[in-house]
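Visitor: Have a look at this one.
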C-alpha cells in the first residue's frame, strides 16, 4: 500500500498474501493495523484518516481484479453506535470520531462486507477491545475496533464469525480479543 505519511513501512501496518486453494481459487488475505491516531485533531489523527483512504483504495483495486478478498485486523474504528459501550460519552473521541467512522463507512459503502456485523446482525453488542487503564474488561466497557472484512463472494461463504472475548480474561492477555471467521472456500 502506498505510504500515507509519517509511519514507516517497518511498522508492517499492511501486509498481504495470496493463498492458492482447491479448484484454482486464489484468495487475497490482508492483515491491517490502522494507526490509533493518538489524539483527535493531531497530526497522527489526520494520518489515520489518510491511511484509511489509502486502505479503501487498495482494497477496491484488489476487488477490481480478484473475487476473493479477506482483510482482517485492528482497524481502530468502531463503525456504529452498537460497537461501543456508551455512544454518547464516546462521541467525538478517538476510535469513535465521526471523521474516522465516515472513512470506515466509505470502505463498506463500496461493496466490502463487515463479516461480523453481517453474520451476527445489527443488534448484537460485542466488543473486541477494552481499555486496561479504566477497568474496561471488568465492566464490559469496550469497543469493537477489530474486524474481518471481505469481498461479497467471500461473505456468502461465511459459516460462522465471532469475537473470542473469553481470551481477554486470560492471564496477561492483550487488550484486544481475536475476531474469528469460519469460511467455506
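The values are calculated or read from the model by the stated rules, or taken from the named source; none is laboratory data. Predicted model only: the values in this text are computed from it and were never measured. Heads up, the Cβs are rebuilt from the backbone with ideal geometry, glycines too, and the neighbour counts pull from every protein chain shown.
Visitor: Quick check on the range 27-50: of everything there that is part of a loop (DSSP other than H, G, I, E, B) and touching a residue at least 24 places away in the same chain (Cβ under 8 Å), which residue is surrounded by the most Cβ atoms within 10 Å (Cβ to Cβ)? Explain how you work it out, then say what you get.
Guide: Taking the range 27-50 first, the residues part of a loop (DSSP other than H, G, I, E, B) are 34-42.
Imposing the further condition that a residue be touching a residue at least 24 places away in the same chain (Cβ under 8 Å) reduces the set to 34-40.
Details: 34: 22, 35: 21, 36: 14, 37: 24, 38: 12, 39: 11, 40: 15.
Ranking the candidates gives 37 first.
Visitor: Here is a follow-up. Give me a count of the residues in the range 169-185 that are in a loop (DSSP other than H, G, I, E, B), touching a residue at least 40 places away in the same chain (Cβ under 8 Å) and either more than 19 Å from the chain's Cα centre (by Cα) or surrounded by 18 or more Cβ atoms within 10 Å (Cβ to Cβ) (or both).
Guide: Final tally of qualifying residues: 2.
Visitor: Take the range 107-116 and flag every residue that is touching a helix residue (DSSP H, G or I) at 6+ places or on another chain (Cβ under 9 Å) and part of a loop (DSSP other than H, G, I, E, B).
Guide: Once the filter is applied, which keeps residues that are touching a helix residue (DSSP H, G or I) at 6+ places or on another chain (Cβ under 9 Å) and part of a loop (DSSP other than H, G, I, E, B), the range 107-116 yields 110, 111, 112.
Visitor: Quick one: what pairs do we get from the range 96-110, first residue at negative phi, second assigned to a loop (DSSP other than H, G, I, E, B) and modelled with pLDDT of 95 or more, C-beta under 6 Å, 6+ apart or different chains?
Guide: Note: pairs meeting the criteria are 96/78; 97/40; 100/77; 101/79; 104/77; 104/79.
Visitor: Only one of 134, 126 is on the phi < 0 side of the Ramachandran plot, in a loop (DSSP other than H, G, I, E, B) and surrounded by 13 or more Cβ atoms within 10 Å (Cβ to Cβ); which?
Guide: On the way: 134 fails: surrounded by 13 or more Cβ atoms within 10 Å (Cβ to Cβ).
Result: 126 is the single residue among 134, 126 that is on the phi < 0 side of the Ramachandran plot, in a loop (DSSP other than H, G, I, E, B) and surrounded by 13 or more Cβ atoms within 10 Å (Cβ to Cβ).
Visitor: Within 16 Å of residue 183 (Cβ to Cβ) and part of a helix (DSSP H, G or I): does that describe residue 119? First the steps, then the outcome.
Guide: Numbers: within 16 Å of residue 183 (Cβ to Cβ): yes; part of a helix (DSSP H, G or I): yes.
The answer is yes for residue 119.
Visitor: Something else about it: So for the range 60-81 (the condition being over 30 Å from residue 19 (Cα atoms), out of contact with any strand residue (DSSP E or B) (no Cβ under 8 Å at 6 or more places or on another chain) and either in a loop (DSSP other than H, G, I, E, B) or without any contact (Cβ under 8 Å) to a residue 24 or more places away in the chain (or both)), does at least one residue qualify?
Guide: So the first thing to find is which residues in the range 60-81 are over 30 Å from residue 19 (Cα atoms), and the list is 80-81.
Still in the running and out of contact with any strand residue (DSSP E or B) (no Cβ under 8 Å at 6 or more places or on another chain): 80-81.
Going one step further and asking which of them are either in a loop (DSSP other than H, G, I, E, B) or without any contact (Cβ under 8 Å) to a residue 24 or more places away in the chain (or both), we end up with 80-81.
Looking for residues that are over 30 Å from residue 19 (Cα atoms), out of contact with any strand residue (DSSP E or B) (no Cβ under 8 Å at 6 or more places or on another chain) and either in a loop (DSSP other than H, G, I, E, B) or without any contact (Cβ under 8 Å) to a residue 24 or more places away in the chain (or both), one finds at least one in the range 60-81, hence yes.
Visitor: Separate question: Consider residue 53 carefully, then state whether it is in contact (Cβ under 8 Å) with a residue 60 or more places away in the chain, surrounded by fewer than 19 Cβ atoms within 10 Å (Cβ to Cβ), out of contact with any helix residue (DSSP H, G or I) (no Cβ under 6 Å at 6 or more places or on another chain) and over 16 Å from residue 145 (Cα atoms). Spell out how you get there, then give the answer.
Guide: Values: in contact (Cβ under 8 Å) with a residue 60 or more places away in the chain: no; surrounded by fewer than 19 Cβ atoms within 10 Å (Cβ to Cβ): yes; out of contact with any helix residue (DSSP H, G or I) (no Cβ under 6 Å at 6 or more places or on another chain): yes; over 16 Å from residue 145 (Cα atoms): yes.
So residue 53 does not fit the description; no.
Visitor: Report yes if some residue within the range 79-86 is closer than 25 Å to residue 175 by Cβ, surrounded by fewer than 20 Cβ atoms within 10 Å (Cβ to Cβ) and out of contact with any helix residue (DSSP H, G or I) (no Cβ under 9 Å at 6 or more places or on another chain); otherwise report no. Step through it out loud before you land on a result.
Guide: Quick first cut of the range 79-86, residues closer than 25 Å to residue 175 by Cβ only: 79-86.
Next, only the ones that are surrounded by fewer than 20 Cβ atoms within 10 Å (Cβ to Cβ) stay: 80-82, 85-86.
Applying the additional criterion that residues be out of contact with any helix residue (DSSP H, G or I) (no Cβ under 9 Å at 6 or more places or on another chain) yields 85-86.
Looking through the range 79-86, at least one residue is closer than 25 Å to residue 175 by Cβ, surrounded by fewer than 20 Cβ atoms within 10 Å (Cβ to Cβ) and out of contact with any helix residue (DSSP H, G or I) (no Cβ under 9 Å at 6 or more places or on another chain).
Visitor: Something else: Being surrounded by 14 or more Cβ atoms within 10 Å (Cβ to Cβ) and out of contact with any strand residue (DSSP E or B) (no Cβ under 7 Å at 6 or more places or on another chain): is that true of residue 108 here?
Guide: Details: surrounded by 14 or more Cβ atoms within 10 Å (Cβ to Cβ): yes; out of contact with any strand residue (DSSP E or B) (no Cβ under 7 Å at 6 or more places or on another chain): no.
No, not satisfied.
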